[in-house]
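As structure tokens, the structure follows; a few thoughts come after it.
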Amino acid sequence: MDKSMTFRKTAIITGITGQDGAYLAQLLLEKNYRVIGASRRSSTLNLPRLAHLNIAGDIELRTLDVLDATNLSRIIEEVGPDEIYNLGGQSSVQTSFEQPLYTSEVVSLGTLRLLEAVNLVKPDTRIYNASSSEIFGHSETTMVSEDSPFYPRSPYGVAKLYAHWAVINYREAYDLHASSGILFNHESPLRGMDFVTRKITTTLAQIVNGGQQMLHLGNLENARDWGFAGDYVDAMWRMLQQDVASDYVIASRQTHTVRAFVELAAKVVGIDLEWQGEGADEVGLEAKTGRQIIGIDGRFYRPSEPDPLIGDNRKAQAELHWQPKVSFEQLVEMMAHADLERARDGQVWY
Ligand code: NDP
Ligand code: GDR
């Protein structure tokens, strides 16, 4: 029997090699989707996250760079997707200060290219756009919702805001079923190692295991509304099952500082942490030995930061029947344990 006859729907995921791409692919496969995973060409196959979830062989891989509009149109024409999840792009806020033009090309115009391609080739395709809490940035209120004003504080946030408005415009102008998930930070054992949570859990695991000696961090007082990526990809899917497309804040409704994350992660891996000094001179010591294991490094401070914000997820709760399942404490524990295991087994880091 033709296998395609048994699929419920066909979805293209851009950014399949990233954290969210992997968890979303797993979810869609469980729902019996045909999953087309799009990733840019690289000299080595970049599939460790898909392999980690044991799904690399279940995905049809296509080469796609969101910088190339013809590439996008061709894939949509060939595949005829029911749904497209637009996750591909330069996702590091820190890097966007160093590469603002590239970030805008990929994030802003990349999204516009996708909207154009869908509108021209297959306008009944449902689109999920990966918007971001970075579009809020500075806010008069700590709690922000879909109706709050936008005031991004990074080139990445500015680029995402362009993409966010482009989605709204294509929905209104051409009646596309295009939704933006305004997602707050979401993490997992598959998170990129340069994001602060995973940097903390990988480095502490190596310190405990006698590898790396020091964890260098930026501002410990910065705070984020952190959730688990596995919960958040479920919200993406729910958005595309709605009759009417709309935008949704996806968040945990709690905020924690980087310091709180480090302290909890240290506890989970068995480090008794003690702080000494202040500001740039503050250090983290292993209480038992007095050895310095954490230092502050100005390179990880950013020219501007968003305010400490909390996402109001009530619209998602009411319309998508979605809420996060994994708490902050469970998330830190999950990540710290996973990295400790990798360090002990001498696994390759990814
Ligand atoms: P990752 O950085 O883990 O993954 C990004 C993906 O985009 C990778 O597959 C990467 O490919 C791909 N990519 C980068 N540049 C291009 C390009 N030019 N063409 C095609 N693909 C490209 O990010 P996440 O999975 O965490 O995030 C997914 C999306 O959600 C991103 O758009 C991000 O900005 C957004 N987002 C993420 C949040 C989070 O907390 N995780 C919160 C809010 C929004 P490669 O492997 O080759 O680098
Ligand atoms: P963010 O995530 O910028 O919120 O973007 P990141 O983990 O990089 O930073 C979170 C906060 O931690 C502070 N920080 C450090 N950050 C990093 N990366 N490294 C450090 O050493 C360090 N020390 C302190 C940062 O200054 C910041 O305040 C993520 C990405 O996934 C985006 O794609 C997404 O849109 C947003 O979350 C919502």
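Coordinate-derived values only; no laboratory data. Just so you know, these numbers come straight off a predicted model, no measurement behind them. Cβ atoms come from the backbone with ideal geometry, glycine included; neighbour counts cover every protein chain shown.
Relative protection proxy for 188-198, 78-88, from highest mean packing down: 78-88, 188-198 (other beta-carbon atoms within 10 angstrom).
Run the helix sum for the chain: -39,500 (n - 2.57) per DSSP H stretch of 4+ residues, divided by residue count, reported at 222 nm to the nearest 500 deg cm²/dmol.
On the way: 11 runs with 125 residues, N = 350.
Mean residue ellipticity at 222 nm (helix-derived): -11000 deg cm²/dmol.
Let me know the shape class of the stretch 142-198, please: from the alpha-carbon gyration tensor, a ≥ b ≥ c as square roots of the eigenvalues, rounded when a/c is under 1.5, otherwise prolate if a/b is greater than b/c, or oblate. Judged from the Cα gyration tensor, the stretch 142-198 comes out prolate (a/c at least 1.5, a/b above b/c).
For THR201, THR6, THR257, what's the fewest-to-most ordering of other Cβ within 10 Å of each Cβ?
Working: THR201 30, THR6 9, THR257 15.
Least crowded to most crowded, the residues run THR6, THR257, THR201.
Over the chain, what is the percentage of antiparallel beta bridges among all DSSP beta bridges, to the nearest 5? Before the final figure, lay out the partial values.
Numbers: 10 of 44 bridges.
Of all bridge pairs located within the chain, approximately 25 percent are antiparallel.
In this label model, MET214 and VAL283 are separated by 0.9 nm, measuring between points 7 Å along each Cα→Cβ vector. Say each of TYR151 and ALA51 gets a label point 7 Å from the Cα, pointing the same way as Cα to Cβ; how far apart are those two points in nm? Calculated label separation equals 4.7 nm. Counting only Cα atoms, the size of the stretch 182-240 along its three principal axes is 46, 24, 13 Å, in decreasing order. Taking Cα atoms only, the orientation of helix 19-30 departs from the longest principal axis of the chain by about 50 degrees.
Over the stretch 1-123, consider all pairs of different Cα atoms and compute the Kirkwood hydrodynamic radius from their mean reciprocal separation; express it in Å, one decimal.
On the way: mean 1/r = 0.0668 Å⁻¹.
Taking every pair of different Cα atoms in the stretch 1-123, averaging 1/r and inverting gives 15.0 Å.
The distance separating the Cα centre of the stretch 72-135 from that of the stretch 272-317 comes to 32 Å.
To the nearest 0.05, what FRET efficiency results for GLU319 and GLU30 with a Förster distance of 25 Å applied to their C-beta separation? Write out the running numbers ahead of the final one.
Numbers: r = 23 Å, r/R0 = 0.90.
FRET efficiency, GLU319 to GLU30: 0.65.
In sequence order, the stretch 274-282 has phi-based couplings of 10, 9, 9, x, 9, x, 5, 9, 5 Hz under the Karplus curve 6.51 cos²θ - 1.76 cosθ + 1.60, θ = phi - 60°, and Gly or Pro positions carry x.
All Cα-Cα distances of the chain, cut into 20 Å bins from zero to the largest, leave 30, 58, 12, 0 percent in each bin in turn.
Quickly rank 283-291, 116-124 as a protection proxy: mean count of other C-beta atoms within 10 Å, highest first. Please report the intermediate quantities before stating the final value.
Working: 283-291: 13.9, 116-124: 16.4.
Packing proxy ranking, top to bottom: 116-124, 283-291.
Label zone of GLU274 (point 7 Å out along Cα→Cβ, amide N under 19 Å): in the stretch 200-229 this covers 208, 214-215.
Coupling constants for the stretch 329-344 follow from the phi torsions by the Karplus curve (6.51 cos²θ - 1.76 cosθ + 1.60, θ = phi - 60°), and in residue order they are 5, 5, 5, 4, 4, 4, 5, 5, 5, 4, 6, 5, 5, 4, 5, 5 Hz; glycine and proline get x. The long axis of helix 69-79 is offset from the longest Cα principal axis of the chain by roughly 70 degrees. Residues whose amide H falls under 5 Å from that of SER131, counting only those 5 or more places apart or on a different chain, are GLY181, LEU183, with hydrogens built in the peptide plane.
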